[in-house]
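**Q** So that we are looking at the same thing, I have put the structure below in structure tokens.
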Amino acid sequence: MFPVFGGDRRMNGKLIEVNGLSKVFRVGSLFSRIRLTAVDNVSFDINEAEIYTLAGESGSGKTTVSKIILGLLEPSEGKILYKGKDTTAMKSEKEKKEFRKDVQAIFQNPFETFNPLRMVENYLYETQRNFIGAGEKEGSERIEQALNAVGLTLDDVKDKYPGEFSGGQLQRISIARALVTQPSLLIADEPVSMVDASLRMAIVNLFKELKEKYGLSVLYITHDLATAYYVSDKIAIMFRGNIVEKGNVEKVLEEPKHPYTRMLKESIAQPDPRSKWNTRVDLHLTEREEYLLKGCKFAGRCPHAMDACRKENVPDFEVDGTTVKCLLYR
Amino acid sequence: MTILNTERLKAYYIIDVLGEKRYVKAVDNVNLEINQNEIYGIAGESGCGKTTLIKTLFGMVEPPLNVTDGKVNYKIGSEFVDIFSIDSKRMREIRWEYVSYIPQGSMSVLNPVQKVRYTFEHFIKAHRKIKNRDEDFIKPVESHLAALGLPIQVLDSYPHQLSGGMRQRVTVALATVLQPKIIIADEPTTALDVVMQRGVIQLLKDVQSSLKNTIILVTHDMGIHANIADRIGIMYAGKMIEEASAEEIFENPMHPYTQYLIGSLPKIGDKSYKTSAPGSPPSLMNPPEGCRFYPRCNRATDDCKAAIPKLIEIEPGHKVACFLYSGVIEE
């Protein structure tokens, strides 16, 4: 039996708290610098044994958030508390290593994750050497357990190169690699967008299973609202650096409140010829123009936009259990 | 009325490995009948041969790809023309004027160091004589863009100044400016955001309903097929395994693979357990004997291992290649 991950967790507590996170990039040439707020005052919490989705279109800032959590980018403002400790203020290598062991990442394209000239098992052994440091025999046991959790065995991957696996299998192996350290949180950035439709649900089901069996939490970053609805407990919808709506996934996606969420939901191509699109859609200005808007970034396309939306920074409102950043709910 | 058909089309990649020839059977014995004024969707996962199929339909066959057997016919006027038996000059005339192609990556179509206007001008010059620049080029292009709802300013932009969705729509405009009878589109919405996808699909539908022509659309996204296609063909490992109207494919899928494919689609409002087909698609270099899906099929019998089922019309307009429905063997 696989041990429960992250042994020192507190029961039923918050695993990670993201508070007022912002990231400003400076873009443009030397003389025409523009401050682009890629992530703007973003806050959310992930509980233990919870799948949390960060959804949005490209350029919404969702990957930037995940990079800041992983420590790959420095935030301009804000705090991240992981199990009560501020990760941005971590100084000692020991603390940092402990954090990296507990928070593991999976990336979008499994074909790019693995070096084609390196046997895949090396990645598993390397992770276990770096973080666990146990001997070969005990290490193999751990790796076997991690592979079993994703439905593979060590014999399946032994002496093989990435080219000998399909995309779905490679993505499973990269999940197994992350599980070797027995983490509490997996950060999965678009883990299924490069995987074929007939194999996609197997990966998504794996997240559910890992959550239910081992109490693992997952931050699932995606643009695909249908799989987000299927797999997650909570969701935050991002648009141009802001979280415009967050709450329980059923609430947010079944009865979307923010006009942007509504438009996004309507724009999904439903796999049902009886529910084709019957309205037309207006397409937006360029990305950068929307980032630079004052007030609500969606005001330029919103059917309900008022003068106030373009002037003031819109605060969050609690409506019916979800949090919505829209003046309609003032 | 048929506008394009294929007869027992076989397109293989022939790779020379240390003096030994290896065949990748990307399109293996495909028969298609595509009608005028319809949108025909081709669905399947990566590596099933769908892109190879439409490249062959467009006559873009370059080594290592070879058409080893079969024909692709376009109906031009009242006669069928086999595109592999005509000379390259005639093919150049047919291409873009009669049949056009929208590729997947819009960035690689538009010249990055020239304004979009230049690309349009170059494209039109190759097919039409431009005597009076105003009459023969600017006016038709501007009215074409206006009809598609694109701003005229795109002509004076460089490709990098446009967003991905706008670039893809400019590519659609370019491919349709000569009013072709057949438009072949390869994953035109992949890599776009959902809202942009909707914009591109909206545009393709508008083009089709005003020109009354044929669109052959390849995508792996079943949601897009449901929204735009009239008929859908499902490909698996180089073979067409099912073909029916969009409603039939989604409501009454017959082939076990199609059933898995439709059954695994997540939908908002439905939290029931979805599962994928077990295993993964076969290598086209060495596909299984018999039905290519049998190693993953939960209803496979010994017959499936022994012979390849033929694509047969089981119900009016609904064709399936599976021994569950007919015993006909593909020769």
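The values are calculated or read from the model by the stated rules, or taken from the named source; none is laboratory data. Just so it is clear, the model here is predicted, and its values are computed rather than measured. Note that we place each Cβ from the backbone using ideal geometry, even for glycine, and neighbour counts take in every protein chain shown.
**Q** State whether the residues of segment A:44-61 include one that is out of contact with any strand residue (DSSP E or B) (no Cβ under 9 Å at 6 or more places or on another chain) and closer than 18 Å to residue A:189 by Cβ.
**A** Narrowing segment A:44-61 to residues out of contact with any strand residue (DSSP E or B) (no Cβ under 9 Å at 6 or more places or on another chain): A:58.
Narrowing the set further to residues that are closer than 18 Å to residue A:189 by Cβ leaves A:58.
Yes, because at least one residue in segment A:44-61 is out of contact with any strand residue (DSSP E or B) (no Cβ under 9 Å at 6 or more places or on another chain) and closer than 18 Å to residue A:189 by Cβ.
**Q** If you don't mind, there's one more thing I want to ask. Just to be sure before I move on: is residue B:283 surrounded by 19 or more Cβ atoms within 10 Å (Cβ to Cβ) and outside any strand (DSSP E or B) in the structure I sent? Spell out the reasoning first.
**A** Details: surrounded by 19 or more Cβ atoms within 10 Å (Cβ to Cβ): no; outside any strand (DSSP E or B): yes.
No.
**Q** Restricting segment A:244-260 to residues that are closer than 18 Å to residue A:301 by Cβ and touching a residue at least 24 places away in the same chain (Cβ under 8 Å), which is surrounded by the most Cβ atoms within 10 Å (Cβ to Cβ)? Step through it out loud before you land on a result.
**A** Filtering segment A:244-260 down to residues closer than 18 Å to residue A:301 by Cβ leaves A:244-245, A:256-260.
So of that shortlist, the ones also touching a residue at least 24 places away in the same chain (Cβ under 8 Å) come out as A:244-245, A:257-260.
Values: A:244: 27, A:245: 29, A:257: 22, A:258: 26, A:259: 21, A:260: 27.
Across segment A:244-260, the extreme among qualifying residues is A:245.
**Q** For segment B:43-66, enumerate the residues that are within 29 Å of residue B:246 (Cβ to Cβ) and among the hydrophobic types (A, V, I, L, M, F, W, C).
**A** Restricting attention to segment B:43-66, the residues satisfying the condition of being within 29 Å of residue B:246 (Cβ to Cβ) are B:43-60.
Scanning segment B:43-66 gives B:43, B:48, B:53, B:54, B:57, B:58, B:60.
**Q** Just checking, how many residues over segment A:170-213 are at the interface with chain B (Cβ under 10 Å from one of its Cβ atoms) and hydrophobic (A, V, I, L, M, F, W, C)?
**A** At the first step, the residues of segment A:170-213 found to be at the interface with chain B (Cβ under 10 Å from one of its Cβ atoms) are A:193-205, A:208.
From what's left, hydrophobic (A, V, I, L, M, F, W, C): A:194-195, A:197, A:199, A:201-204.
Total satisfying the criteria: 8.
**Q** Just for segment A:201-221: of the residues that are of a type in the set (Lys, Arg) and surrounded by fewer than 20 Cβ atoms within 10 Å (Cβ to Cβ), which one is nearest to residue B:277 (Cα to Cα)?
**A** Start the filter on segment A:201-221 by keeping residues that are of a type in the set (Lys, Arg), which leaves A:208, A:211, A:213.
Next cut, surrounded by fewer than 20 Cβ atoms within 10 Å (Cβ to Cβ) only: A:208, A:213.
Working: A:208: 18, A:213: 23 Å.
If we take residues in segment A:201-221 being of a type in the set (Lys, Arg) and surrounded by fewer than 20 Cβ atoms within 10 Å (Cβ to Cβ), then A:208 is nearest to residue B:277 (Cα to Cα).
**Q** For residues that are outside any loop (DSSP other than H, G, I, E, B), without any contact (Cβ under 8 Å) to a residue 24 or more places away in the chain and more than 7 Å from chain B (Cβ to nearest Cβ), scanning just segment A:261-275, find the one that is nearest to residue B:246 (Cα to Cα). Spell out how you get there, then give the answer.
**A** Looking only at segment A:261-275, we keep the residues that are outside any loop (DSSP other than H, G, I, E, B), and these are A:261-267.
Okay, now just the ones that are also without any contact (Cβ under 8 Å) to a residue 24 or more places away in the chain, so A:262, A:266-267.
From what is left, the residues that are more than 7 Å from chain B (Cβ to nearest Cβ) are A:262, A:266.
Numbers: A:262: 26, A:266: 20 Å.
The residue in question is A:266.
**Q** Can you give me the number of residues within segment A:214-233 that are closer than 26 Å to residue A:295 by Cα and away from chain B (no Cβ under 12 Å)?
**A** 1
**Q** I'd like the full set of residues that are in contact (Cβ under 8 Å) with a residue 12 or more places away in the chain and buried (at least 20 other Cβ atoms within 10 Å of the Cβ), limited to segment B:288-298. Working first, answer last.
**A** Of all residues in segment B:288-298, those in contact (Cβ under 8 Å) with a residue 12 or more places away in the chain come to B:288-293, B:295-298.
Passing the criteria: B:291, B:292, B:293, B:296, B:297.
**Q** Now a separate question. Does segment B:248-271 contain any residue that is part of a loop (DSSP other than H, G, I, E, B), touching a residue at least 24 places away in the same chain (Cβ under 8 Å), surrounded by 19 or more Cβ atoms within 10 Å (Cβ to Cβ) and more than 14 Å from chain A (Cβ to nearest Cβ)?
**A** Of the residues in segment B:248-271, the ones part of a loop (DSSP other than H, G, I, E, B) are B:252-255, B:264-266, B:268-269, B:271.
If we keep only those that are touching a residue at least 24 places away in the same chain (Cβ under 8 Å) as well, we get B:252, B:254-255, B:265.
If we keep only those that are surrounded by 19 or more Cβ atoms within 10 Å (Cβ to Cβ) as well, we get B:254-255, B:265.
From what's left, more than 14 Å from chain A (Cβ to nearest Cβ): B:254.
Yes, there is a match, as at least one residue in segment B:248-271 is part of a loop (DSSP other than H, G, I, E, B), touching a residue at least 24 places away in the same chain (Cβ under 8 Å), surrounded by 19 or more Cβ atoms within 10 Å (Cβ to Cβ) and more than 14 Å from chain A (Cβ to nearest Cβ).
**Q** From the list B:9, B:57, B:32, exactly one residue is at pLDDT 90 or above and within 22 Å of residue B:288 (Cβ to Cβ). Which is it? Quick ask: steps written out before the conclusion?
**A** Details: B:57 fails: within 22 Å of residue B:288 (Cβ to Cβ); B:32 fails: within 22 Å of residue B:288 (Cβ to Cβ).
Just a single option satisfies the conditions, and that option is B:9.
**Q** Filter segment B:240-271 for residues that are touching a Lys or Arg at 6+ places or on another chain (Cβ under 6 Å) and closer than 25 Å to residue B:8 by Cβ and give the result.
**A** Within segment B:240-271, B:243, B:245, B:256 qualify.
**Q** Hey, can you tell me all the residues within segment B:53-83 that are more than 27 Å from residue B:237 (Cβ to Cβ) and not in a strand (DSSP E or B)?
**A** Answer for segment B:53-83, where residues must be more than 27 Å from residue B:237 (Cβ to Cβ) and not in a strand (DSSP E or B): B:77, B:78.
For (1) crowded, with 20+ Cβ neighbours inside 10 Å; (2) farther than 17 Å from residue B:174 by Cα, each residue gets a yes or a no:
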| residue | (1), (2) |
| --- | --- |
| B:201 | yes, no |
| B:206 | no, no |
| B:211 | no, no |
| B:220 | no, yes |
| B:230 | no, yes |
| B:240 | yes, yes |
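**Q** Kindly establish whether residue B:184 is touching a helix residue (DSSP H, G or I) at 6+ places or on another chain (Cβ under 8 Å), at the interface with chain A (Cβ under 9 Å from one of its Cβ atoms) and surrounded by 21 or more Cβ atoms within 10 Å (Cβ to Cβ). Reasoning before the result, please.
**A** Values: touching a helix residue (DSSP H, G or I) at 6+ places or on another chain (Cβ under 8 Å): yes; at the interface with chain A (Cβ under 9 Å from one of its Cβ atoms): no; surrounded by 21 or more Cβ atoms within 10 Å (Cβ to Cβ): yes.
Judged against the criteria, residue B:184 is not a match.
**Q** Being outside any loop (DSSP other than H, G, I, E, B), touching a Pro at 6+ places or on another chain (Cβ under 8 Å) and more than 25 Å from residue B:52 (Cβ to Cβ): is that true of residue B:242 here?
**A** no
**Q** Is there a residue being more than 26 Å from residue A:313 (Cβ to Cβ), part of a strand (DSSP E or B) and β-branched (Val, Ile, Thr) anywhere in segment A:44-51? Steps first, answer last, please.
**A** Taking segment A:44-51 first, the residues more than 26 Å from residue A:313 (Cβ to Cβ) are A:47-51.
Next, from what is left, pick out any that are part of a strand (DSSP E or B): A:47, A:51.
Keeping just the survivors that are β-branched (Val, Ile, Thr) gives A:51.
Scanning segment A:44-51, I find at least one residue that is more than 26 Å from residue A:313 (Cβ to Cβ), part of a strand (DSSP E or B) and β-branched (Val, Ile, Thr), so the answer is yes.
**Q** Please enumerate the residues belonging to segment A:226-235 that are crowded, with 24+ Cβ neighbours inside 10 Å and assigned to a strand (DSSP E or B).
**A** Answer for segment A:226-235, where residues must be crowded, with 24+ Cβ neighbours inside 10 Å and assigned to a strand (DSSP E or B): just A:235.
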